[in-house]
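Accompanying notes for the structure given below.
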Amino acid sequence: MVDNSEASASNDIKEQDRLLPIANVGRIMKHILPQNAKISKEAKETMQECASEFIGFVTGEASEKCRKERRKTINGDDVCWALETLGFDDYAGPLKRYLNKYREVEGDRANQNKAGVNEEMGEPSWNTSNQPKN
């Protein structure tokens with residue numbers, strides 16, 4: 001005979017692992033609402049549940065896409081695709097713009113870091129020629 005209580009306990013995801021931290025949810029709500037607004041514990045918990053469910057819904061769709069494509073890592077493009085597929089076009093557009101800007105900034109940062117390393121090695125960062133050194 002199989003002990004179902006043990007099996008179900010191991011399959012259940014702990015609530016703290018499933019939900020966003022309530023402090024973060026409260027901080028975001030406080031930032032968005034007027035300064036004098038009061039936020040009840042129940043409102044924070046409701047938003048925590050909804051936001052966590054939404055994130056799970058979107059990442060589940062993105063994960064399924066990756067599984068079908070035999071990839072193990074979800075990237076930002078997968079999340080944008082999932083948002084569009086699920087009908088959240090109003091979110092997908094701004095997220096794509098943010099993702100592109102983020103990639104630009106990270107690319108610039110990587111280039112700056114590379115330039116700093118090259119300068120330390122005696123190569124000036126302005127030297128971009130592809131000619132081999134003697």
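Restricting attention to the range 49-91, which residues are β-branched (Val, Ile, Thr) and part of a helix (DSSP H, G or I)?
Answer for the range 49-91, where residues must be β-branched (Val, Ile, Thr) and part of a helix (DSSP H, G or I): Ile55, Val58, Thr59, Val79, Thr85.
Asp90: out of contact with any Phe, Trp or Tyr (no Cβ under 6 Å at 6 or more places or on another chain), at pLDDT 95 or above, farther than 24 Å from Glu15 by Cβ and not β-branched (Val, Ile, Thr), yes or no?
It is true that Asp90 is out of contact with any Phe, Trp or Tyr (no Cβ under 6 Å at 6 or more places or on another chain), at pLDDT 95 or above, farther than 24 Å from Glu15 by Cβ and not β-branched (Val, Ile, Thr).
Scan the range 39-62 for residues that are of a type in the set (Ser, Thr, Tyr) and out of contact with any helix residue (DSSP H, G or I) (no Cβ under 8 Å at 6 or more places or on another chain) and jot them down.
Selection gives Ser40, Thr46.
Regarding the range 65-73, can at least one residue be identified that is surrounded by 14 or more Cβ atoms within 10 Å (Cβ to Cβ) and out of contact with any Ser or Thr (no Cβ under 9 Å at 6 or more places or on another chain)?
There is no residue in the range 65-73 that is surrounded by 14 or more Cβ atoms within 10 Å (Cβ to Cβ) and out of contact with any Ser or Thr (no Cβ under 9 Å at 6 or more places or on another chain).
Can you name the number of the only condition in (1) modelled with pLDDT of 95 or more; (2) under 18 Å from the mean Cα position of the chain (by Cα) that Asp17 fails?
Of everything listed in (1) modelled with pLDDT of 95 or more; (2) under 18 Å from the mean Cα position of the chain (by Cα), Asp17 misses just condition (1).
Would you confirm whether any residue within the range 55-64 is surrounded by fewer than 17 Cβ atoms within 10 Å (Cβ to Cβ), under 25 Å from Gln16 (Cα atoms), free of Cβ contacts under 8 Å to residues at least 60 places away in the same chain and aliphatic (A, V, I, L, M)?
Within the range 55-64, one or more residues are surrounded by fewer than 17 Cβ atoms within 10 Å (Cβ to Cβ), under 25 Å from Gln16 (Cα atoms), free of Cβ contacts under 8 Å to residues at least 60 places away in the same chain and aliphatic (A, V, I, L, M).
Just to be sure before I move on: is Ala82 at pLDDT 95 or above, surrounded by 14 or more Cβ atoms within 10 Å (Cβ to Cβ) and small (Gly, Ala, Ser) in the structure I sent?
yes
Condition first: surrounded by 13 or more Cβ atoms within 10 Å (Cβ to Cβ), over 15 Å from the mean Cα position of the chain (by Cα) and of a type in the set (A, V, I, L, M, F, W, C). Now tell me which residues in the range 44-54 satisfy that.
Met47
The values are calculated or read from the model by the stated rules, or taken from the named source; none is laboratory data. Bear in mind that the values here come from a model prediction, so they are computed numbers and not experimental data. In this analysis, Cβ positions are derived from the backbone assuming ideal geometry, glycine residues included, and neighbour counts consider all displayed protein chains.
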